[in-house]
Each structure stands twice: as C-alpha cells, then as structure tokens.
Amino acid sequence: MKWWIGLLLLLFSLIVLPSGIVQQPYLEDIAFTLAFGVDLNKENELVFYETSPVFGKEVKEKVERFDVKAKTIRQSRNEFDKRSASMFIDSKLQVLLIGKRLLQNPNWLSLLDVFYRDSKATVNPRIMIVDGPVSEIMHFNPKDKPITSIYLRSLVDTSHARGESVKTTLQNLHQQMFDKGITPSIPNIKMGKEVILTGSTLLNEKGTYSTSLNSQETTLLEILQGDKSDFYLTLPVVKGEEENAIERNMLSFNAHSVKVKIYPGYSHDKFKFDIHVNMYIELMERLFPFDMRKNTDKLEQLVEEQLKMELGNFIKKIQKNKIDPIGLGVYARAYQNRYYEQVQNHWGKALEEATINISVDVTTRSMGSIK
C-alpha cells in the first residue's frame, strides 16, 4: 500500500502544485524606486517625481525618470505605471525630496500618509528639503558621480557622521511631528553647478516652515542634541587686526568626546534650563600669533567664551521662532511633568519665555604636529 501513497504524492506534486505557483518577475521587469520627490509648480499644482534604475544589456540610459501631476502619492503611482513597462517597488526607496514651497502648506505632511500605511514601503529613506525646484535635483545626472539617489543619501550620511548635518528619515519625521516636546529638523539642499548641502530647515509645531540654519548653526544643533559625532568648528576667537581678505582672528578645531548635560527646572512661573557642554578639542588651524604652549588656559578660555556666545545666539534664534529642535520639551516632560502638562499644547510659547543658561568647558587635547 505504501507504493500507492508514494505514487499519489508524486502525481500531486507534478500536476497540482505547479498550477498554484506564481512565477517571479524577471529583474528587467522590475523598477526599484530609489528617489521620490514632491513639489508645487508655479500654478500651485502638485508634481511628483520618481527615478529608478533600468536593467538590461541593450539599455543605454541606466536611469528612468518620470514627472507627473496628481492629487496624491498613491495616484501618482498609477500615473507612473501608465508610463512604464516595469513593476514599481517602493521598498528600496533611498531619498525623499520635498520642495520648500510645499512647506508653506500646513497639510503637506498628509501627503506622506501612504508611506506609513503601506506595509511594503520603507520608513528609512532620508528626507531632504530642496531650496528651489525639485525637478533640478531629480534630473541631475553627473557622469562623475553615482546615480542621484545613492549620491544624495551618501551626501547626508557622511555629513551627519562629521557632525555637519542632521539626518532625518520618514520614521524620525513621524516622531518629531507627533512628539510635543520637539520640533522637526530636516537637511536642506540646493542645486548650483552641483548639489550643495546648505544646512537645515526647521519646522514649527504645525509642521510648516519656520526658519533655516546654515552649516555652522546645524553643527551647534547637533551638539545640543547630544549627537556622538566629532565636530569641526571655525570660530573668531580674537578681535581682527584690520579689514582684509585674510581674517587673522580665526581658529579651527575638531571637538571630540562632546558631552552635553541638560538640567530642567521650574521657578517663577517659567521653565529654566541649565545646559553644560564639555569637550576635548584638537587644534587644526590658527591664523593669529599666539604662544599656545605658555597660554593654553587663555586659549581655552577664548574658545569657551566664543562658543558660549555662538550657542547663546542659536538658543535665542529658536526661542524667537518658538520652536524646539533640541528637544528641551522632552527633558521638561521627564523632570518637570507637572508643569509641562500645563503648557504642552503650546510648548513653543513656553520655551520662548524660558530662561536658558549655557556653560562651556573646553580642554585642549592636541595643538598639532608643530610648535
């Protein structure tokens, strides 16, 4: 009887199973969406952009690009499907570009709803704000660089590793938008002769554009956020001798082992934050005469004073705009929750009225290779 059972199983595998198997598509029939962009044109119409690599020996152009007008991202996918013979897959998305004009609309974030609901989509693409038309970036195709999506992702990741740029993914954005104790910060890029990372864009509690940070201010933000990167800074630490092309008051250094401690308090009906910044520095460049070996303490004091002033100006900027990219509200919620709950729905206003004190402690670890 056993041979009958074996025969039945063989017939089942040869006849029944193949009919239920779905043939996997060939690589040439798949379009991996690596870069996606959303922008408003001059007529205030939504325009969606998509790029994907093209596979095939006979294909000369290795990247496929589409621009379509639509009402939603899901609808734009249908328009992309009409223009391509490939099957679009979003699970490999690397970068998501948002036009700066779009940030003026308080409902712009709702456009990204499909990325969070689609279980096949990824929440790890880097989000970037484009200062200018998104189309210029999406159609940027230099011969001496990788494809745009990979190039942009590497640009943000390496800059973030150097402490020069924030790195915001779809998942980070979702957290920053719905956590009342912090407001979003997103890297900002601009198209010139090539793509330039210009700093960061800061959003307010409603998710609309508030202000921008240059590269130096972005580094200060990264420091206050407690990022573990090494930071490069150039500061004017002494008064310039005269006005000319070479400013002889500049000092450049790398900051290592940066530690930031934030102590929140509450008194006289307003919040108070004491921020202590400690770092070791390695001198990289000095353009003014100074005996560093005999006056190390004096030099450290000059750096501390200037860095304290730079950080203080940055704090004043975010208080003026009633935003909190540092996440001081998170500390207030954790340590002063009783008072935080009373102002959590208008935390930006409470932070504007808060007292924020900064202290900086600098220790020189290296003065360079020569005297």
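When ligands, DNA and RNA are left out and all protein chains stay put, how many square angstrom of accessible area per residue does region 249-312 have with a 1.4 Å probe? Could the numbers behind the result be given before it?
On the way: 3410 Å² over 64 residues.
With all protein chains present, region 249-312 gives 53 Å² per residue.
Of all the accessible heavy-atom surface of region 308-371, with the other protein chains kept in place and a 1.4 Å probe, what percent is carbon and sulfur? Roughly 45 percent of what the probe reaches on region 308-371 is carbon or sulfur.
Diagonalise the Cα gyration tensor of region 219-371 and give the resulting equivalent ellipsoid semi-axes, square root of 5 times each eigenvalue, largest first, whole Å.
Details: eigenvalues 242, 51, 30 Å².
In descending order, the three semi-axes are 35, 16, 12 Å.
How do 176-184, 113-121 rank on mean C-beta neighbours within 10 Å, highest first? Provide the component values of the computation, followed by the final result.
Values: 176-184: 19.1, 113-121: 12.8.
In descending order of packing, they fall as 176-184, 113-121.
Can you tell me the FRET efficiency between residue 296 and residue 91 if r is taken as the Cβ-Cβ distance and R0 is 41 Å, rounded to the nearest 0.05? The formula returns an efficiency of 0.15 here.
Net charge dipole, region 186-237: roughly 180 debye, given to the nearest 20, about the Cα centre with Cβ charges of +1 for Lys and Arg and -1 for Asp and Glu.
Just order 283-292, 36-45 by mean Cβ neighbour count inside 10 Å, highest at the front, would you? Intermediate results must be reported in sequence, preceding the final value.
Working: 283-292: 13.8, 36-45: 16.0.
Order by mean packing, descending: 36-45, 283-292.
Order these peptides, 94-102, 262-270, by their mean beta-carbon neighbour count within 10 angstrom, highest first. Don't skip to the end; give the middle numbers.
On the way: 94-102: 21.9, 262-270: 13.2.
Top to bottom by mean Cβ count within 10 Å: 94-102, 262-270.
A cut-off of 5 Å between modelled amide H atoms, ignoring neighbours fewer than 5 places along the same chain, links residue 169 with 127. If R0 is 41 Å, the Cβ-Cβ spacing of residue 274 and residue 140 corresponds to a FRET efficiency of close to 0.35. Summing charges over all other residues whose Cβ lies under 11 Å from the Cβ of residue 179, with Lys and Arg as +1 and Asp and Glu as -1, gives 0.
The values are calculated or read from the model by the stated rules, or taken from the named source; none is laboratory data. This structure is a prediction, so every number in the text was calculated from the model and none was measured. So basically every Cβ, Gly included, is an ideal-geometry build from the backbone, and we count neighbours across all protein chains shown. These area figures cover heavy atoms from the full protein model, side chains too; ligands, DNA and RNA do not enter into them. Shrake-Rupley method; radii C 1.70, N 1.55, O 1.52, S 1.80 Å.
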